[in-house]
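Notes for the one structure printed next.
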Amino acid sequence: MASDGIELQAAVLALSMVGDLSMGQPLGQSRRSARLARLLAQACHGAGEHAEVARQVSLLRWSGCTANAEGFARLLGDDVGGRSAMLSQTLDSAGRRAMRRTTPLAVVHCEVAGEVAHTLGLGAAVEQGLRNVFEQFDGQGRPFGLRHPQVPEVVYQVMLAGDLEILARVHGLEAALAWIAAQADRRYPAVLAAELARHAADWLEIADAPEEELDASGAQVPLTLVADVIDLKLPWLAGYSRRAAELVRQAGRLWSLDEAVVEQAAQAALIHGIGRAAVPNRIWNAPGAPLAGDFEQIRLVPYWTARACSRIPALAAPGKLASSAYERLDGSGYFRELGGEALPSAQRLLAAALAWQALGSERPWRPAFDAGEAQRVLLDEAGRGRFDPQACQAVIAAARGDGALAPCRSGNGLLSERETQILRCISLGGSNKEVARQLGISPSTVRTHVESVFRKLQCTTRAAATLKAFTLGLI
């Protein structure tokens, strides 16, 4: 949709916020590191395009981390807390041993980050930096084990900037510089580490200062990309925000809402899950009702969405609406516990659409409701005063067909009908065996089709293929 366009810089900043939350970092960590990386690039080579490349790579350094969150959850038990400890060098011995098995996760991360840069049109230098963002001077990095001088210099600049920002904040500047010095000619060149150390104190002050960051080109990019990256955190959420946004549009028009109101609600549907990145996957994947402490983290999802979007002018209005997605008319929602007249029609539409979307989707703790069951549950909740009955009727009518999405074309000519069908299944987390059972074919046939999909999409991981398929409109 044309209305889903957003300024390039706003999209980059939104993705940086998702990355911060996914990595257990305070909001703005990527932004502060990006300023440090740019300063280091300028100190080495003066002003020029290379400094902007360093800033963009640093902002998007964690843009692939939702795609491997499930893997880190299995490896460390807590994808958010575990990666936070990894960055601050506070992992215990078991965690450090587990990190030796992260090469496949680095492959996923770097491929997805590279696809993000490619989709945003940020240029070859940014894309190359992100595809190699975990490589090291001594060849002990990931995903390819490149050794200096094959490692792009921007990777060293971004790595140094991130290490300084995180370690100085957690352990103090002196300890941070001592650790960085010990990594000279291991993680990064000694001469570059020394250059950073000379300016570290002054640059950290600059990193915290307000800074205007605008995209001079005025380019527009799809907000759906941000939604797709958000949804990659959980395999069973693939395409969830896109579908919710389209349902909001169709239902809003059936409800005869003003088009501007409908479009803002659709944008809110695309970004409502930003705060979900801050909650560990173990909580989302729990088989039963969340424990009290876990639910407190879930209640903070819209808070983090509000905090992230408030820092991005282009997303301030839809972000405020998105942060009220889980409020209920009777005041029983979260996180502000608003109700009644405090909730405008756009919020009521968004809340009903997301509830319907959730009811019709399979979750680790329950199967999907069929349309009849979902309708009964949603209208029952409306009868109890939690949802607006008119909003619910509009959503149900849209889902029933009056505003349904057009059927997906068979891969838009790029993929065969069977390949599209299999890609849709694996995008939701299905293994080859599970997809084979579901479609009544052999696992080897599924594997052959998956390999063909990867070849046609020029990807090697399921997460990257899923992201690219959504970007190209294939699924």
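The values are calculated or read from the model by the stated rules, or taken from the named source; none is laboratory data. None of the values given here were measured: they were computed from a predicted structure. Ideal geometry is used to build each Cβ from the backbone, glycine not excepted, and the neighbour counts take in all protein chains shown.
Structure notes:
- Residue in region 95-109 that is of a type outside the set (Val, Ile, Thr), crowded, with 24+ Cβ neighbours inside 10 Å and assigned to a helix (DSSP H, G or I) present: yes
- Residues within region 39-70 that are under 17 Å from residue 18 (Cβ atoms) and assigned to a helix (DSSP H, G or I), tallied: 6
- Close pairs (8 angstrom Cβ cut-off, 6 or more residues apart or separate chains): within 21 Å of residue 61 (Cα to Cα) in region 165-177, part of a helix (DSSP H, G or I) and modelled with pLDDT under 95 anywhere: 165/207
- Matching entry among 81, 77 (being in contact with a Pro (Cβ under 8 Å, 6 or more places away or on another chain) and among the small types (Gly, Ala, Ser)): 81
- Whichever residue in region 141-161 is of a type outside the set (A, V, I, L, M, F, W, C) and over 19 Å from residue 191 (Cβ atoms) and, among such residues, is farthest from the chain's Cα centre (by Cα): 145
- Hey, residue 73 touching a residue at least 40 places away in the same chain (Cβ under 8 Å), buried (at least 24 other Cβ atoms within 10 Å of the Cβ) and either over 30 Å from residue 259 (Cβ atoms) or assigned by TED's automatic domain parsing to the domain that holds residue 191 (or both) or not: no
For every residue, the table says whether it meets (1) touching a residue at least 12 places away in the same chain (Cβ under 8 Å); (2) among the β-branched types (Val, Ile, Thr); (3) crowded, with 24+ Cβ neighbours inside 10 Å.
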| residue | (1), (2), (3) |
| --- | --- |
| 113 | yes, no, yes |
| 124 | no, no, no |
| 140 | yes, no, no |
| 148 | yes, no, no |
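- Checking each residue of region 151-167 against the condition of being over 22 Å from residue 35 (Cα atoms), surrounded by 21 or more Cβ atoms within 10 Å (Cβ to Cβ) and either outside the structural domain of residue 84 (by TED's automatic domain parsing) or not charged (D, E, K, R) (or both) gives no match.
- Test set (1) in contact with an Asp or Glu (Cβ under 7 Å, 6 or more places away or on another chain); (2) at pLDDT below 90; (3) aliphatic (A, V, I, L, M) - residue 475 fails condition number: (1)
- Near pairs, Cβ below 7 angstrom, 6+ apart or cross-chain, from region 315-341 (closer than 14 Å to residue 381 by Cβ) to any residue that is surrounded by 16 or more Cβ atoms within 10 Å (Cβ to Cβ) and among the polar types (S, T, N, Q): 327/347
- Checked against the criteria, residue 349 does not count as in a loop (DSSP other than H, G, I, E, B), crowded, with 24+ Cβ neighbours inside 10 Å and either modelled with pLDDT of 95 or more or in the same structural domain as residue 393 (by TED's automatic domain parsing) (or both).
- Test set (1) crowded, with 24+ Cβ neighbours inside 10 Å; (2) touching an Asp or Glu at 6+ places or on another chain (Cβ under 9 Å) - residue 28 fails condition number: (1)
- Some residue of region 231-252 being closer than 21 Å to residue 365 by Cα, of a type in the set (Val, Ile, Thr) and either modelled with pLDDT of 95 or more or not assigned by TED's automatic domain parsing to the domain that holds residue 109 (or both): no
- Extreme residue, nearest to the chain's Cα centre (by Cα), among residues of region 76-94 that are of a type in the set (A, V, I, L, M) and buried (at least 21 other Cβ atoms within 10 Å of the Cβ): 80
- When residue 151 is tested against (1) β-branched (Val, Ile, Thr); (2) in a strand (DSSP E or B); (3) out of contact with any helix residue (DSSP H, G or I) (no Cβ under 9 Å at 6 or more places or on another chain), only condition (2) is not met.
- Test: residue in region 41-58 that is within 30 Å of residue 283 (Cβ to Cβ) and without any contact (Cβ under 8 Å) to a residue 40 or more places away in the chain: no
- Residue 49 among the charged types (D, E, K, R) and in contact with a helix residue (DSSP H, G or I) (Cβ under 6 Å, 6 or more places away or on another chain): no
- Checked against the criterion of being at pLDDT 95 or above and farther than 16 Å from residue 60 by Cα, region 155-164 has at least one qualifying residue.
- Residues that are surrounded by fewer than 20 Cβ atoms within 10 Å (Cβ to Cβ), under 29 Å from the mean Cα position of the chain (by Cα) and among the hydrophobic types (A, V, I, L, M, F, W, C) occur at least once in region 360-368.
- The helices (runs of 4 or more DSSP H) located wholly in region 182-285 that include 2 or more residues which are surrounded by fewer than 23 Cβ atoms within 10 Å (Cβ to Cβ) and acidic (Asp, Glu) occupy 190-207, 259-271.
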